[in-house]
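Some notes on the structure that comes next.
The values are calculated or read from the model by the stated rules, or taken from the named source; none is laboratory data. The shown structure was predicted, so the numbers you read here are calculated from the model rather than taken from an experiment. Backbone-built Cβ (ideal geometry, glycine too); neighbour counts: all protein chains shown. Quick note on the areas: whole protein, heavy atoms, side chains included, nothing else; ligands and nucleic acids left out. Shrake-Rupley method; radii C 1.70, N 1.55, O 1.52, S 1.80 Å.
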Amino acid sequence: MATSKDFLSYLSERLQGADVSFRPMMGEYLVYFNGKLVGDVCDNRLLIKPVDAAKEMLPSAQMQLPYEGAAKPMILVEDIDDGEFLKQLFEAMYPQLPAPKPKKSGKNK
């Protein structure tokens, strides 16, 4: 089941005012905060990278695979209604996330 536009719209509304963007990827979405990948939206679920800050803020959260065949489980964020908490969560995670990979130029040298 692919993520619905309604779910993505609802999540976007909760995160309004934060530098969050969603990039479509095979019917689902990658979630970026201030240019860094924080997680995925898959099957109407918000899944985030299991960095220490996220584990501390969501100590009893379930780990789930974003899709069948995925190599690594991610943290399921069940309560997406509290936009301020989500923003605090992403801000806490940010320093622990890897820097974005540099974009490759389209020209062969």
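Residues of region 1-51 that are open to solvent by 40 Å² or more (accessible area, probe 1.4 Å) and closer than 13 Å to residue 76 by Cα: 43, 44, 45, 49, 50.
Limited to region 47-68, what total is found for residues that are free of Cβ contacts under 8 Å to residues at least 40 places away in the same chain, outside any helix (DSSP H, G or I) and under 15 Å from residue 86 (Cα atoms)? Of the residues in region 47-68, 5 are free of Cβ contacts under 8 Å to residues at least 40 places away in the same chain, outside any helix (DSSP H, G or I) and under 15 Å from residue 86 (Cα atoms). Every condition in (1) assigned to a loop (DSSP other than H, G, I, E, B); (2) loosely packed, with under 13 Cβ neighbours inside 10 Å; (3) at pLDDT 95 or above; (4) not small (Gly, Ala, Ser) is met by residue 98 except one, and the failing one is (3). When 18, 61 are checked against the criterion of being among the hydrophobic types (A, V, I, L, M, F, W, C) and touching a Leu at 6+ places or on another chain (Cβ under 7 Å), a single residue qualifies: 61. Here the condition is being within 14 Å of residue 93 (Cα to Cα) and not in a loop (DSSP other than H, G, I, E, B); of 31, 41, it holds for 31 alone.
Pairs linking a residue in region 1-22 that is closer than 20 Å to residue 94 by Cα to a residue that is in a loop (DSSP other than H, G, I, E, B), with Cβ atoms under 7 Å and 6 or more positions apart or on different chains, are 11/80; 14/80; 14/81; 19/34. Scanning region 66-82 for residues that are surrounded by fewer than 16 Cβ atoms within 10 Å (Cβ to Cβ) and under 18 Å from residue 7 (Cβ atoms) yields a total of 5. Here residue 60 clears all of (1) hydroxyl-bearing (Ser, Thr, Tyr); (2) surrounded by 18 or more Cβ atoms within 10 Å (Cβ to Cβ); (3) over 14 Å from the mean Cα position of the chain (by Cα) except the condition numbered (2).
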